[in-house]
Amino acid sequence: MVVPDRDSNKPNKRSKPTQSDKSPDRSFPIPVMASAAALAVVNPDAAGIDVHSDMHMVCVPADRDANPVRQFGANTADLQEIVAWLKKCRVRTIALESTGVYWIPLFELLESEGFEVNLALRAYWRQRQMQVRYAASHVQHMQKALEQMNVKLTEVVSDITGLTGMAIIGAILEGQRDPIQLARLRHERCHHSEEQIALALEGTWRPEHLFELRQAHELYQFHHRQITECDQQVQAELAHFPNRAGAKTHTVKPRKRGRQSNDVRFEATGPLFQALGVDLTLIEGIDVGTALVILAEIGVDVSRFPTEKHFASWLRLCPPQDESNKTKKRRGHRKGTNPVTLALRMCARSLGKTMTPLGLFYRRIRSRIGGLGAVKATAHKLACLVYRMLKYGQEYVKQSMEEYEAKMEANVLKALKRKAAAMGFELSPLPPQ
């Protein structure tokens, strides 16, 4: 089990131990204060580790050692001492904080020694996201090389990594220069005609730019092969999760768009449904990739958050409330680095273009406070829906457009009646014509 850290992608350097704290065995006992109230023991063989860049704080059950909280260094010899001490204390399960990249050597050593440390899915998915970013940079390099040859492929193809774009680039690298022959590689669903594409593919074909295009294309293909390998590891890890769905049936959500180049290379909806116990993709805007981010970063247990508002606040999706002299001051939006926050914000932005209740909500908020506030407010709604489904196991019930519009009309009517009553008037409907 891993405790999520809000700024888990940032290095978190802490203070170094003083000279007076050091001891020859590089582990430093820390005095333990008696707790005010006893807590129920869930796992008696568990330990907790607070990860730092230059030292680690390790805590074992109080009955396993006279000094159950110790401070260790972060060198390889120190990590081996941590393992030896945990074995001596008969620890089986580790709760490890995932700070920056400092957890990785300790996690790998603990896992190799047979301790239960659940972090693999998160590591594979973050590696996949890194490969996606690397591949995206080489898409820009291909676009640059094409523009330098005055090949206007980006102007006639919406995505050069789609079927039409990659077929044309592959033919160019194989030596084809005839724009008419290249245009015949157009996919039938491409919006531009062969004549328009052929006109855009009359280039200068200078060798230095072709060399640049070839290298960018090969690097793009390499990173996508790496993405495929990551997907294979993610698929294998999903198979290890217990089936929390039980006898509940699962209905595959129909795809509203074709498969994109960065989508997962396997059918993940079913394994995700079994691992989570609910189908998060039934929520408008949330796709398989977002559900995988939620499972990898948060897991299935949200009980550490008392309410959905605490969950949304942890994700930094609540407006900041700064108060001075009983006056609330509105500040700028806080930037969130949590991968779940970023994924939900991207989902909220895509919802703004849909004819759904959440899409109408996004546009209504955007008309009042702008696009940035609308993204945050819609992401907050998505976070609350995710929390309810994970905590209570409720199946998400879609709200129809008619129901949403009726609810908004009722709210407007209620506000009008309240304003009329405050001014001494009574609001009544017109007689039927």
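The values are calculated or read from the model by the stated rules, or taken from the named source; none is laboratory data. All figures in this text were calculated on a predicted structure; none of them were measured in a lab. When we count neighbours, we look across all protein chains shown, and the Cβ atoms used for this are built from the backbone with ideal geometry, even at glycine. For accessibility, only protein heavy atoms count, side chains too; no ligands or nucleic acids. Shrake-Rupley method; radii C 1.70, N 1.55, O 1.52, S 1.80 Å.
Got a sec? Which residues in the stretch 168-187 would a label at residue 211 touch, if it sits 7 Å along Cα→Cβ and we count backbone N under 18 Å? Residues passing the 18 Å test: 173-175.
Geometric descriptor of the stretch 37-172, per residue, is 189 Å³ (volume of the convex hull of the Cα atoms).
Kirkwood hydrodynamic radius of the stretch 188-279, from the reciprocal of the average inverse Cα-Cα distance over all distinct pairs: 17.4 Å.
Reducing the stretch 110-140 and the stretch 418-433 to their Cα centroids gives an inter-centroid distance of 61 Å. In terms of accessible area, using a 1.4 Å probe and ignoring ligands and nucleic acids, 204, 307, 269, 251 rank largest first as 251, 204, 307, 269. Roughly speaking, to the nearest percent, how much of the stretch 164-244's 1.4 Å accessible area is carbon and sulfur? Here it works out to 49 percent. All Cα-Cα distances of the stretch 352-411, cut into 10 Å bins from zero to the largest, leave 21, 46, 30, 2 percent in each bin in turn.
For residue 314, the accessible surface of its heavy atoms amounts to roughly 40 Å² (probe 1.4 Å, protein chains only, rounded to the nearest 10).
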